[in-house]
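Notes to accompany the following structure.
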Amino acid sequence: MIEATGLTKHYGTTVAVRDLSFRVEPGRVTGFLGPNGAGKSTTMRMILGLDRPTRGEVLIDGQRYADLRLPLREVGALLDANWRHPNRSARNHLRWMATSNGIPDSRVDEVLELVGLSSVAKKRAGGFSLGMLQRLGIASALLGDPRVLLFDEPVNGLDPEGIQWIRTFMHALAEEGRTIFVSSHLLSEMAQTARDLVVIGKGSLIYQGTTDDFVHRATGRTVRVRSPQPEDLRTALTERRITFTEQDGALLVSDLTSAELGDLAFSAGITLHELSPQTGSLEEAFMQLTGESVEFRTGTPKEPG
C-alpha cells in the first residue's frame, strides 16, 4: 500500500504539490490523473525519495522509501524509459541493477522473457526504439519481484499489441495482491486499465475513488428507453417530474436506474423494447472535473482572412 499524508512540495515560491493525501490499495490498479503541471511527476518522485517533501510524508507499506534496505525487492518503478547507459546491453543493464540488491542473474533472464526482449538481450540499449526502451523499463521495475509498482506513462511508444499486453499484465499483477499505481494521459486506456483513480489538479486532490463513480459523478446517469407506447411513457415521466430528452426515437431518462425505470413502466402498464444504461466517458468526466485546474490553455484558431 502507498499512503500519502499532507504531502506538500515547494520550489521557491511555486507550490507543486499542496497538502495532498491519498491511499493506493493493494490488489487493484489505481490510475493517477491530472492535467499537465498538476504535480503528478513530483508526487511520484516524492514516493520514491527522489524529491524531499516540504511537509508531509509518503509511506510504502508503512515505511519511507529511503528506509528500505533492498528497495528493488519492495518497490519497482518506471518513471523515465530513457534512464539507461546507451553502451550497455539490455541484459547487462539489468544485471547491474540486480547486483545492487542481491538479485540473481536468473531473474534478469526471467523479466527479459516476460517483457519480450529475450531476443535482443545482448544488444546495446542505445539502439533500442522507444517501445523497446519502455519494455526494458518495465523489466527494470519487475526485477526484484516487488509488491508495489509505479508506472509513469508505461504505454508510450508501444504498438497496439504491446498496449494490450501491458494492460492485461497490470491486471494480472493486481490480482496477485500487488499495489499498482499508474500515471497516464491516455484516458481511453486508463478507462480500461484502472479500477480506482487518484485525480489531482494544481497540486491538490480533486477526487479519489472508483473509476465508475468518477465518471458517474461528473457526467450523470442516464438510461435509454424505447417503447411502442411513447406518449404513455412521456406522460408517466412528466407526471413524476423526471427529466428526459428524445434521441432517435428513444428517450434518455436522467437520475433513474434501469431497475427504477423498468418498475415505473411496469406499474404504468407500458411495454418496453429497450432499457439500457448510458454512461459518459472517462475523458468527458476528466475534462469536466479538472477544467478549472488546467495550467496551459489552447486558443481557438481564427478564421483566415
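Any read-out appearing in this document is the output of simple, stated calculations on the displayed coordinates, not a laboratory observation. Values in this document were obtained by computation on a predicted structure and should not be read as measured data. Heads up, the Cβs are rebuilt from the backbone with ideal geometry, glycines too, and the neighbour counts pull from every protein chain shown.
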Discussion item. Charges at C-beta only: +1 for Lys and Arg, -1 for Asp and Glu. How large is the resulting dipole of the chain about its Cα centre, in Debye rounded to 20?
Written reply: 1420 debye
Discussion item. Just want the answer: with Cβ charges of +1 for Lys and Arg and -1 for Asp and Glu, which residue in Val198, Ile166, Val182 is farthest toward the dipole's positive end in segment 165-221?
Written reply: Val198
Worksheet item: Given 10 °C and 1.306 mPa s, how large is the Stokes-Einstein diffusion coefficient of segment 107-250 in µm²/s, with Rh as the Kirkwood radius over Cα pairs?
Response: 84 µm²/s
Discussion item. Straight-line reach only, C-alpha to C-alpha below 15 angstrom: list the aspartates and glutamates that Lys123 could link to, leaving out same-chain residues fewer than 8 apart.
Written reply: Asp109, Glu113
Practice prompt. Take the alpha carbon atoms of segment 182-198, find their center, do the same for segment 1-54, and report the distance between the two centers in whole angstrom.
Written response: 17 Å
Worksheet item: Which residues make up the longest stretch of the chain clear of trypsin sites (Lys or Arg not before Pro) that lie in a DSSP loop with no more than 15 other Cβ atoms within 10 Å, not counting the sites?
Response: 124-239
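Only helical DSSP H runs with n ≥ 4 go in: add -39500 (n - 2.57) per run for the chain, normalise by residue count and round the 222 nm mean residue ellipticity to 500 deg cm²/dmol. The partial results should precede the final answer.
Numbers: 11 runs with 107 residues, N = 305.
It comes out at -10000 deg cm²/dmol, rounded to the nearest 500.
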Item to complete: Can you spot the aspartates and glutamates whose alpha carbon is less than 13 Å from Lys9's alpha carbon? Ignore those fewer than 8 places along the same chain.
Response: Asp19, Asp51, Glu57
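So what is the relative contact order for the chain, in percent, with contacts set as C-alpha pairs under 8 Å and at least six apart? Kindly include the intermediate steps, with their values, before the conclusion.
Working: 581 pairs, mean separation 65.0, N = 305.
Rounded, it is 21 percent for the chain.
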Item to complete: For the chain, set up a Gaussian network in which alpha carbons nearer than 10 Å are linked by springs, and say which option among Asp67, Asp248, Asp105 fluctuates the most.
Response: Asp248
Worksheet item: According to the square roots a ≥ b ≥ c of the eigenvalues of the Cα gyration tensor, what is the shape class of segment 222-278, taking rounded for a/c under 1.5, prolate for a/b larger than b/c otherwise, and oblate for the remainder?
Response: rounded
Worksheet entry | Spin-label pair Asp67/Ser204, simplified geometry with 7 Å Cα→Cβ offset, distance in nm | 3.0 nm
Worksheet item: Anyone know which of His93, His85, His216 comes out most mobile in the 10 Å Cα GNM of the chain?
Response: His85
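Cα-based Rg of the chain per 2.2 N^0.38 Å, rounded to two decimals? Write out the running numbers ahead of the final one.
Numbers: Rg = 24.0 Å, N = 305, 2.2 N^0.38 = 19.3 Å.
The reported ratio for this selection is 1.24.
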